[in-house]
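Here the structure is laid out as C-alpha cells; the discussion comes afterwards.
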Amino acid sequence: MERVYSAHSLLVSEVSSVAKRVLSECGIEASAELVVERAPPERGDLTVNVYRLARDEKKAVELAAQLSEALARGARLVGAARSEGGFVNIEVNPDTYGRLVWKVVSEMGEKYGFNPHPRPLRILVEHTSANPVHPLHVGHLRNCVVGDALARILRARGHSVEVHFYVDDVGLQMSYAAYGFEKVKGLKRDVKPDHFIGLVYAVTNAVVNIRALQKKREHANPDERARIDRELSDWLWVAKELMERDEELFAAIAEAAKSEDPLERIYAINRAYEAGEKWAVSLVREVAERCIEGFKQTLDRLGVAFDSWDWESEVTVWNGLTAEVLRRLRESGFLREDKGALVFEADRLAEDPEVRRRLAIPASFSVTSLVLVRSDGTTLYATRDIAYSVWKFRRGVDKVINVVGAQQALEQAHVRLALYAMGYVREAENMVHFAYEMVTLPGTKMSGRRGRFVSADELIEEAVRRAGEELAKRGLDPAENREIAEKVGIGAVKFAMLSVSPSRPLTFTWERVLDFERNSGPFVQYAYVRARSVLRKAGSLKPEVAEGAFGSEERKLLFLLGYFPEVVARAADELKVELLPQYLNELALAFNKYYDEVPILKAEPEEKARARLALTLMVAVTLENGMRLLGIEPPSRM
RNA sequence: GGGCCCGUGGCCUAGCAUGGAAAGGCGCCGGCCUGCGGAGCCGGAGAACCCGGGUUCAAGUCCCGGCGGGCCCGCCA
C-alpha cells in the first residue's frame, strides 16, 4: 500500500471523483475545469465553483444542487455539502476525515508535512551572497531569511537541495576595503570583525571619493561644479558621521591617502588579486575572511547554514572559467567589439520570441546589450556571474534558484541569455531568478558604501531584548529567559519578513518587525506552547481517536491540519514562502479559539478527552514542523 | 526616453496564475480571567479594491491608456 502523505489530497480526489461521476451523468465533459479549492471562512472547508462548469446561471444553480446532494451522500470524507448560488460548499466529516488525519499525522510525526514531488529534482539555491566588505544589513536579512526558508520548503517537497553563498571577492569594492585595511590593521577594536571591516570600507570610500571629487572640481566648468559640490557635501556629511564613530581610524586612512594616490593603489590591488599575486591574495583574503567570520556569527545565531561558500575568484577567475565563457560566447557570434570593449549582443538574441519564451523573458521586457570586457581587458561582474552559473550547473543540478534582489532582473536575464547563446539551453531554461524587493528605511537611503544601514545584528539584538522584557513581565524564570528570548525575538523578525510577499517593497520600522501580537511569530509560538502545556498535563491520558470521537467543534481544526502538506507542496512548487506563515497564523488562531471554547483534558467521556488530546498533539506537531520549515525555533515555554 | 515591480478600510497585509461570495492583522469602540497559560477569546464600526476605458452573463483579478511610489537601463557590483 502506498504511503499517504496528505489527507487533503485524498479528500480532494474523493470529491473530484464523485463530482466527475455526476458531471458525466449530466453529459458534461469538463473534468479539466473541475477545481476544488478552499471555501471562504464561514462557508465551509472546500468549495466547487459550478459556474466554471456550466456557464449558464440557471444550469449552474441546478447542477450545484445535484452535486451537493451526490457529495453529501456519496463521499465518505464529506460531512455536509450545500449548494449556495453556483457554488457547492463542502464541510469535511469530522469523524471519518479526523481519523484519516490522525492516522497520517501520527504515522509521519516530526516529518508530517513532508510531501514528496512526483519528480524530485536536484536544486541549487544561492542566497544572501553579501559582499564581504560590510556587515549584513536588514536587506540582506530579508534575502537570508527567505532563501533559507525556501531551501527548507523545497527539501520538504522531496527535492535534494544544496545551498550556496557566493563570496564576491573580486572587484573594486573589495580593493577599497583592502586599501583601508592596510592602513589600520594594527588598531584593536572591540567589535565584530564584519563591523570593523564595514567601518573601514565606509571610511575609505568617503576619503577616496572626497579626494577624487575635489580634484575633479579644479578643472570643472560651472555647471559640473555645482553638481560636484552637491555630491561633495553629501560625502562630507558622511565623513563627519564616520569621524564621530572612530576618529583615530578615520585619521589613519585620511593621512595615508594624502601621501599617495589611493585610487592608483586600489586598482593595483584589484589587478594583482585577479592575477593571483601572492601579496594581494593574502591582503584581500584577510579582509574577506574577517568579514565572513562576522557573517557566520550572525548566520549561526539565525540558524542559517550553507553547504558551500563559493569564492568568485576561485570558481570563475583563477580556474579559467571566465576565459572559457568568453571563448564560447565569441564562437556564438553574439559578441562584438566596441571601442575596445567586448559586448554581448543580448538584445539581438532577445529579438527571437522563441528564445524569450524559453527563458521566461516577457515580450515587452526591454533587453540591452552587455559589456563583458572593459577596454583595459578586465572583466565585469556579470561576466563572472555567467561563469559562475556554468559552474553551478556543472555540479550536476537540474535547477538553479538565485535569491537575488529585484533590481537585478536585467542582469539575471542577461545571464540566462548568455547561457543560451553558449548552447547551454537546458541550463538557461532552468535558472530561476527568485526576486525580492528592497527593504527601505524611512527617511534615509541605506548604503553600505556610506556606512548607513541598520545591521542585521542590531535588529536581532533589539528583537531579543524586547522579547526578554516581555518574558520577564510574564514572570519567566530568568535562567531560562535568555535562551527563550532568543527564539522568540528571532522568530518575530523571521515571521515578519516571511509573511509579506517578496515582490512587495518592505518599509522597515521597528514596531512592524517587532510585532508580538496576532499574526506574528510569537503568536504562533504561543499557541504551540499552550498546546505543549496541555500535553504535559495529560498525565496518564493517552491520545487516541475512537470512531465517533470527533465532532463538529473539531471540524475546522481537522481540516486545517490535513491541509498542511498541501500548503508545503504549493509553497514549494510555486515558490511562495509566504503561504506558510499565513497558514500557521490561521492554525494558531483556530487552536486558540478551540482552546477557549472546549475543555480538552476534562472532556467527558474519557474517549472524547483522548481524541481532543490527539487533536492537541496534532496541532503541536504541525505548528512545530511548520515553524521549522521557516527556520523559526519552537520554544517549550514562554 | 524605454522597461520591471508595487498601488486593496485610518495603517499594514492576503486574494490576481485558473474572472464568479472582498479575507486577516494593527488602531478604534464594547464585552470575557473561581477553567488546560489573557502574547488569548467574542462582538462592533470602518473598503466607490489608484483613475479612465474595454472584454465578459460576471472584473480586485484579464486587455488598453493614464496617475502615484520604488527600482533598472554597455565599460559599478
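Under Stokes-Einstein, with the Kirkwood radius over Cα pairs as Rh, the value for chain A at 37 °C and 0.692 mPa s is 117 µm²/s.
Once you divide the Cα radius of gyration of segment A:363-403 by 2.2 N^0.38 Å, the number left is 1.49.
Could you compute the FRET efficiency for residue A:52 and residue A:84, with r as their C-beta to C-beta distance and R0 at 22 Å, rounded to 0.05?
After rounding, the FRET efficiency stands at 0.90.
Normalising the average separation of contacting C-alpha pairs (under 8 angstrom, six or more residues apart) by the number of residues puts the relative contact order of segment A:172-277 at 43 percent. Pairwise Cα distances in segment A:516-585 exceed 21 Å for 45 percent of all pairs. Among the trypsin sites (Lys or Arg not before Pro) found in segment A:558-638, those both in a DSSP coil and sparsely packed, with 14 or fewer other Cβ atoms within 10 Å of their Cβ, are A:602, A:637. For the pair residue A:190 and residue A:544, the difference between a 0.36 nm per residue extended length and the Cα-Cα distance amounts to 121.8 nm.
So for chain A, averaging the separation of alpha carbon pairs under 8 Å that are six or more residues apart and normalising by length, what relative contact order in percent results? All intermediate terms of the calculation are to be shown ahead of the outcome.
Details: 1024 pairs, mean separation 110.5, N = 638.
It rounds to 17 percent for chain A.
If I take R0 = 35 Å and measure r between the Cβ atoms of residue A:69 and residue A:4 in this structure, what FRET efficiency does the formula 1/(1 + (r/R0)^6) give, to the nearest 0.05? Rounded to the nearest 0.05, the efficiency is 0.80. Residue-normalised convex hull volume from the C-alpha trace of segment A:11-92: 74 Å³ per residue. Tell me, rounded to the nearest percent, the portion of alpha carbon pairs in segment A:272-406 spaced more than 20 Å apart. Pairs farther apart than 20 Å: 61 percent.
Over 24 Å apart: what share of the alpha carbon pairs of segment A:534-636 falls there, rounded to a whole percent?
27
Each Lys and Arg Cβ is given +1 and each Asp and Glu Cβ -1; about its Cα centre, segment A:11-92 then shows a dipole of about 100 debye.
On a 0 to 90 degree scale, rounded to 10, what angle separates helix A:456-473 from the longest Cα axis of chain A? Approximately 40 degrees, to the nearest ten. Couplings 3J(HN,Hα) of segment A:596-604, computed from phi: 6, 8, 10, x, 9, 6, 9, 5, 10 Hz, in residue order, whole Hz [Karplus 6.51 cos²θ - 1.76 cosθ + 1.60, θ = phi - 60°; x for Gly and Pro]. When the alpha carbon gyration tensor of segment A:115-154 is reduced to an equivalent ellipsoid, its three semi-axes come out at 27, 11, 4 angstrom, largest first. Principal semi-axes of the equivalent ellipsoid, √(5λ) from the alpha carbon gyration tensor of segment A:220-260, are 25, 14, 4 Å from largest down.
Its Cα centre serving as origin, chain A has a Cβ charge dipole (Lys and Arg +1, Asp and Glu -1) of approximately 440 debye.
Inter-label distance, residue A:512 to residue A:76: 5.0 nm, where each label sits 7 Å from its Cα along the C-beta direction.
The coefficient of translational diffusion for segment A:81-233, derived via Stokes-Einstein from the alpha carbon Kirkwood radius under 20 °C and 1.002 mPa s, stands at 99 µm²/s. Computed from Cα atoms alone, the Kirkwood hydrodynamic radius reported for segment A:409-523 is 17.0 Å.
Past 21 Å, Cα to Cα, is the threshold; run A:296/A:487; A:494/A:556; A:399/A:494 against it and keep the listed order.
Distance filter (> 21 Å) returns A:494/A:556; A:399/A:494.
Using the alpha-carbon positions of segment A:50-93, Rg (one decimal) and Dmax (whole number) come out as 10.2, 31 Å. Here is the result for segment A:296-327: no GluC sites (Glu not before Pro) lie in DSSP coil with at most 15 other C-beta atoms within 10 angstrom of their C-beta.
For residue A:401, nonlocal amide neighbours, meaning residues 5 or more places apart or on other chains whose placed amide H falls under 5 Å from its own, are A:124, A:125, A:126, A:432.
For segment A:36-130, a/c is not less than 1.5, where a ≥ b ≥ c are the root eigenvalues of the C-alpha gyration tensor, and a/b does not top b/c. That puts it in the oblate class. Subtracting the Cα-Cα distance of residue A:604 and residue A:277 from 0.36 nm times their residue separation leaves 109.8 nm of extension gain.
An ellipsoid equivalent to segment A:172-277, defined through the eigenvalues of its Cα gyration tensor, has semi-axes of 25, 19, 11 Å when rounded to whole angstrom and sorted largest first.
All of the numbers you see were taken from the coordinates with simple rules; none came from a lab. This structure is a prediction, so every number in the text was calculated from the model and none was measured. With ideal geometry, Cβ positions are generated from the backbone for all residues, glycine too; neighbour counts draw on all protein chains shown.
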